[in-house]
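First comes the structure, then the notes that go with it.
Rule-based calculations on the coordinates, nothing more; no lab input. Just so we're clear, the structure is a prediction, and the values are computed from it rather than from any experiment. Neighbour counts run over all protein chains shown; Cβ positions are idealised from the backbone, glycine included.
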Amino acid sequence: MAKAKAEVIEKVEEVAETKPVKGVAKLEEEGDIAADYLEALLDIADLDGDIDIDVENDRASLAIVGGKLNHLVGQEGEVLDAIQELTRLAVQTATGDRSRLMLDIDNFRANRRTELTKLANEMAEEAKSTGASIKLAPMNAFERKIIHDTIQELGLSSESDGEDPNRYVVIYPA
């Protein structure tokens with residue numbers, strides 16, 4: 001049952017990625033709605049932070065910076081993931097459309113992207129030099145996508161295997 005659910009989720013994500021890209025104006029509207037929601041959340045919690053809004057990779061991208069915000073990231077980013085999902089739901093409620101917005105707090109995702117890109121490069125070299133496939137530790141969807149994108153740029157292939165929350169990436173030699 002869990003495997004079937006994971007397969008359905010993966011298929012839904014694939015379909016979502018092949019749907020027509022939203023226009024920049026629509027993504028900017030999503031960013032504004034999300035920023036209003038996040039500002040209200042920060043006010044309720046009596047926290048300081050500035051919200052930066054951007055559009056990148058065909059999605060609204062928001063970052064909360066400044067202040068002491070580590071507790072909004074949580075261990076391994078689980079609090080950040082929850083806040084991102086709540087923000088997506090707020091945008092969906094306001095627009096009627098599913099949002100793929102990305103939220104970063106205290107540069108957690110930006111730093112994690114750098115770490116994972118480095119890891120993917122190192123593991124790609126190992127796969128090339130040994131000729132063996134490399135199985136990485138379990139990761140969330142955001143982290144796996146960074147690995148897949150980096151591996152693809154390097155001309156190798158990779159795929160996700162396993163079931164959430166233990167889903168992981170396997171990197172294959174050329």
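Each peptide in 54-64, 75-85 gets a packing score, the mean of other Cβ atoms within 10 Å over its residues, and the list from highest to lowest is 54-64, 75-85.
Here is the result for region 108-171: no GluC sites (Glu not before Pro) lie in DSSP coil with at most 10 other C-beta atoms within 10 angstrom of their C-beta. Close lysine pairs were tallied over the chain: pairs 8 or more places apart or on different chains with Cα atoms under 23 Å apart number 17. In nm, to one decimal, how far is the THR130 label point from the ALA40 one, both placed 7 Å along Cα→Cβ? Distance between label points: 5.1 nm. With helices as the sole contributors, the chain gives -18500 deg cm²/dmol at 222 nm; each DSSP H run of n ≥ 4 counts as -39500 (n - 2.57), and the sum is divided by every residue.
On the basis of the beta-carbon distance and an R0 of 35 Å, ASP149 and HIS71 show a calculated FRET efficiency of 0.75. Extents of the chain, largest first, come to 53, 34, 33 Å (Cα atoms, principal axes, whole angstrom).
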